[in-house]
Amino acid sequence: MNTTTKLAKEISFDAQYGNYINGEFANCESGYIDAVNPATGEVMSQIARGNKDDIDRAVEAAGVAFETWSTTTIEERSAYLHKIANALEENKERLCMIDCLDTGRPIYELAVDYNIAINQFRYFASAILTYEGTSRAIPDGQLIVQKDPLGVCAQIIPWNVPMIMVSFKLAPALATGNTIVMKPAEDASLSTLELAKLLKDILPKGVVNFVTGYGVEAGDALINHPNIHKLSFTGSEGVGRLIGKTAGERLLPVTLELGGKSPHIIFPDVDIERAVENVTFGYCFYNGQSCVLGSRVFVHDAIYDEFMGKLVERAKTVKVGDPTDPSTRVSTLINEKQGKRVLGYIEMAKEEGAKLLVGGNRVTVPNNEHGYFIEPTIFEATNDMRISQEEIFGPVITVMRWNDVDTVIKEANDVGFGLAAGIMTNNLENAMKTANKLQAGSVWINQYFSFQTGAPFGGFKNSGLGREYGKEALDEYTQAKSIAVNFNPPPAGFFG
Ligand code: NAD
């Protein structure tokens with residue numbers, strides 16, 4: 001038995017996790033939801049099925065905590081964020097395995113999530129120290145512009161990268177003096193709840209609260225609660241529009257990080273072996289369940305046949321297997337619904353005339369028969385097909401041939417989303433001219449998923465509103481207040 005498989009067997013969960021409200025795990029009157037291992041089908045634990053009453057209690061606790069938390073100094077909040085980062089680092093190995101068991105993602109890639117999360121807390125621990133307002137002299141006085149926290153922030157996250165999402169939301173909101181009620185995704189709450197146990201010893205009570213459960217129950221109650229002051233959501237475009245609409249009706253500030261259908265453009269001057277590896281990484285990482293997946297690959301005509309031959313062969317060698325095996329590169333999707341959705345898209349692609357080059361099947365992995373393990377799948381298609389336009393959230397790509405740079409840029413942009421894009425070339429001019437014309441919030445040249453700490457992350461077009469991950473997120477959680485100070489009241493007769 002390898003060490004990770006041994007660790008997987010050693011992980012123990014609480015039989016039930018209540019909601020984490022006001023620094024305590026509270027019993028959930030409205031019941032519990034099974035937390036299922038997506039690979040084996042084993043019920044590992046139960047999480048609270050939070051409802052309006054739980055949300056009411058959590059928002060109240062966050063409201064009370066805000067009174068004090070918002071008056072802490074930036075140095076104090078910076079120190080708190082460092083403590084959270086350190087706690088994550090100390091518990092990283094165990095938390096990685098918890099996410100592996102809860103989401104079914106390969107253990108080898110989960111350290112990346114935790115490194116991003118740890119760095120995110122450290123980044124905002126530092127960024128807040130330099131987040132200064134402005135001031136200038138005015139006649140007989142001074143103008144001061146300061147950034148005030150918003151209050152209680154409602155944050156809702158998806159299941160694909162739980163700790164990355166937790167850190168993207170918590171770190172900037174806490175740094176700027178806000179308190180939080182977060183609803184994790186019903187399919188992947190365990191690492192967040194285990195984090196709550198660590199936060200209990202770090203943060204004052206009520207500053208961070210987690211209410212688990214379904215979107216239409218706990219999520220809906222949260223976004224409609226009268227005493228919240230900010231909505232921040234990461235998830236699907238459909239729910240994002242609903243949250244944006246709610247924010248509009250209530251005039252609440254909102255951050256939305258939604259889906260993607262990202263282009264990956266391969267120029268003819270590349271090292272083909274490296275480009276094949278990068279494209280494969282770009283669609284297999286996270287089992288393809290990534291909003292930034294490099295899912296539309298545009299390959300130049302001059303190298304198309306050789307590149308595609310190698311890309312197809314590489315797909316056959318990607319190890320599909322047990323999530324806890326460190327040599328596994330693709331494992332199970334999150335649940336049956338997602339599995340059937342991905343297989344449905346594969347069938348639809350065939351029906352609409354896309355040519356299946358490799359993959360397309362569900363694989364049975366011994367001892368993990370419950371899981372939806374999908375082979376890396378490559379279609380030759382056109383950009384206007386649904387398979388090229390809609391987010392699939394699985395290890396499935398469409399490949400298109402190109403020979404004119406203006407046309408490929410037009411096609412790359414011809415999609416509703418605009419979250420990320422990849423370019424591969426050794427020519428600086430090609431790289432920068434193309435990057436400048438792509439409608440995407442993040443452009444990665446020669447290395448896909450190049451998430452650099454502090455780089456603003458967010459979408460153009462239907463991929464969302466606002467930016468996280470970089471210092472721009474501080475503005476998402478504050479509002480500017482200008483204070484004009486006059487040293488003396490106006491003289492008598494001023495108004496007359
Ligand atoms: P989802 O939209 O179904 O769910 C996301 C969260 O919203 C969950 O916590 C869910 O319970 C909650 N929710 C659902 N309905 C709700 C409602 N009516 N009111 C309030 N909350 C509700 O998305 P998902 O299936 O969990 O995640 C996959 C999607 O997330 C993909 O579309 C992907 O592109 C997107 N995503 C985006 C980013 C990004 O940063 N842009 C990152 C990860 C995932």
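Key figures for this structure:
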item: Accessible area of segment 263-445 belonging to carbon and sulfur atoms, whole % at 1.4 Å probe; result: 48
item: Length gained when the stretch residue 86-residue 30 is fully extended (0.36 nm per residue, less Cα-Cα span); result: 16.7 nm
item: Gained length - residue 75 relative to residue 446, 0.36 nm times residue gap less alpha-carbon distance; result: 129.7 nm
item: Crossing angle, helix 74-90 versus the chain [Cα axis fit, 0-90 degrees, rounded to tens]; result: 30
item: Segment 106-179 and segment 243-304: distance between their alpha carbon centers, rounded to Å; result: 25
item: Residue 364/residue 5 FRET efficiency (R0 22 Å; Cβ-Cβ; nearest 0.05); result: 0.70
item: Magnitude of the charge dipole, the chain, Cβ model with Lys/Arg +1 and Asp/Glu -1, debye to 20; result: 480
item: Given charges at beta-carbon only (K, R positive; D, E negative), |dipole| of segment 390-496 in Debye; result: 260
item: Cut-off under 5 Å, modelled amide H: who pairs with residue 361 long-range; result: 375
item: Between helix 272-284 and the chain: long-axis angle, C-alpha atoms, 0 to 90°, nearest 10; result: 60
item: Vicinal HN-Hα couplings computed from phi for segment 153-160 (Karplus, 6.51 cos²θ - 1.76 cosθ + 1.60; Hz; Gly/Pro x); result: 9, 9, 10, 10, 10, x, 9, 6
item: Selection of chymotrypsin sites (Phe, Trp or Tyr not before Pro), segment 179-257, meeting DSSP coil and at most 15 other Cβ within 10 Å; result: 214
item: Candidate lysines for bridging to residue 92, where Cα separation is under 27 Å - those fewer than 8 sequence places away on the same chain excluded; result: 6, 9, 83, 169, 183, 197, 200, 205, 319, 471
item: Chain lengthening between residue 350 and residue 414 when straightened (0.36 nm per residue, less Cα-Cα); result: 20.9 nm
item: Overall dimensions of the chain by Cα: Rg and Dmax, Å; result: 24.0, 90
item: Solvent exposure ordering (accessible area, 1.4 Å, most first) of 237, 277; result: 277, 237
item: Förster radius 35 Å - calculated FRET efficiency between residue 380 and residue 269, Cβ distance, rounded to 0.05; result: 0.95
item: Distance between modelled label sites at residue 336 and residue 494, nm, 7 Å Cα→Cβ extension; result: 7.3
item: Residue 52 versus residue 487: modelled label distance in nm, points set 7 Å from Cα along the beta carbon direction; result: 5.7
item: In Å², nearest 10: area of residue 478 left accessible to a 1.4 Å probe; result: 20
item: Value at 222 nm in deg cm²/dmol, rounded to 500, when DSSP H runs of n ≥ 4 in the chain each add -39,500 (n - 2.57); result: -12000 deg cm²/dmol
item: Simple spin-label estimate for residue 136 and residue 112 in nanometres, 7 Å along Cα-Cβ; result: 4.5
item: Percent carbon-and-sulfur accessible area, segment 89-248, ignoring ligands, DNA and RNA, probe 1.4 Å; result: 54
item: Probe 1.4 Å, protein heavy atoms only - accessible area per residue of segment 263-445 in square angstrom; result: 40
item: Accessible area in the full protein assembly, largest first, 1.4 Å probe, for 271, 414; result: 414, 271
item: Summed side-chain charge close to residue 224 - residues other than residue 224 whose Cβ falls under 10 Å, Lys, Arg +1, Asp, Glu -1; result: 0
item: Per residue solvent-accessible surface (Å²) - segment 1-55, probe of 1.4 Å; result: 50
item: Solvent-accessible surface ranking, highest first, for 97, 432 at 1.4 angstrom; result: 432, 97
item: Projected area averaged over orientations for segment 257-400, convex hull of C-alpha atoms, nm²; result: 8.5
item: Within segment 444-476, backbone nitrogen closer than 11 Å to the virtual label 7 Å beyond the Cα of residue 126 toward Cβ; result: 453-454
item: Over segment 455-496 - Rg/Rh using Cα atoms and the Kirkwood inverse-distance radius; result: 1.45
item: Most positive-pole-ward Cα, 253, 266, 233, against dipole of segment 216-269 from beta carbon charges; result: 253
item: Rounded to 10°, Cα long-axis angle of helix 52-69 versus longest principal axis of the chain; result: 60
item: Rounded accessible area of residue 348 (nearest 10 Å², 1.4 Å probe); result: 30
item: Separation of alpha-carbon centers, segment 52-82 and segment 410-436, rounded to whole Å; result: 41
item: Cut-off under 5 Å, modelled amide H: who pairs with residue 265 long-range; result: 298, 422, 423, 424
item: Point-charge dipole on Cβ atoms (K/R +1, D/E -1) for segment 263-445, about Cα centre, debye to 20; result: 380
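The values are calculated or read from the model by the stated rules, or taken from the named source; none is laboratory data. Fair warning: this is a prediction, and the values are worked out from it, not measured in the lab. For neighbour counting, all protein chains shown are included, and Cβ atoms are generated from backbone atoms with ideal geometry for every residue, glycine included. Keep in mind that these areas ignore ligands, DNA and RNA; they rest on the heavy atoms of the full protein, side chains included. Shrake-Rupley method; radii C 1.70, N 1.55, O 1.52, S 1.80 Å.
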